[in-house]
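The values are calculated or read from the model by the stated rules, or taken from the named source; none is laboratory data. Everything quoted here is computed from the prediction, not taken from an experiment. Quick reminder, even Gly has a Cβ in these numbers, built from the backbone with ideal geometry, and neighbours come from all protein chains shown. What goes into the accessible areas is simple: the full protein's heavy atoms, side chains included, and nothing from ligands, DNA or RNA. Shrake-Rupley method; radii C 1.70, N 1.55, O 1.52, S 1.80 Å.
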Amino acid sequence: MNKDIIPLLMAIILVFISMGMNLFMDAKLDGTLYIGIGWLSFSSCFYFINKKIYLFAFGLTLIAGLFSLIDVFYVSLKFGVGSFLINPVFIFLIILFIIFNKEVLKMLITAKT
């Protein structure tokens, strides 16, 4: 198994936990979670179709989640930095994304310049 899929799988697991909590524990899900599920599904499809588009789409998904525009977990952990709300779950996912895709990201950055 490629290690580059680990951040994506972790985000999908968080979505499944959220859906399970909604089904079995009556946890209320908000619109940002549904939007996050859509963006995550879109990114997941590109993992198998085109890795470069996947890196871009999943990176944008993580950045949108970092600033609380979307969510993938039913519990919304946020802290404020100025007027921005930062989600620590997405900080963790971004760090994993960069660690496991370091070589590919480095090639994409050097190919563009």
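List of remarks:
- Cβ-Cβ contacts under 7 Å between residues 6 or more apart (or on different chains), taken from a first residue in segment 33-61 that is more than 17 Å from ASN101 (Cβ to Cβ) to a second residue that is open to solvent by less than 20 Å² (accessible area, probe 1.4 Å) and part of a helix (DSSP H, G or I), are listed as LEU33/SER18; GLY36/GLY65; ILE37/VAL15; TRP39/THR61; TRP39/ALA64; PHE42/ALA57.
- Here ASP4 fulfils each of the conditions (1) modelled with pLDDT under 90; (2) open to solvent by 80 Å² or more (accessible area, probe 1.4 Å) apart from (2).
- Selected residue (only one of LEU23, LEU9, LEU85, LEU77 is without any contact (Cβ under 8 Å) to a residue 24 or more places away in the chain and in contact with a Lys or Arg (Cβ under 6 Å, 6 or more places away or on another chain)): LEU85
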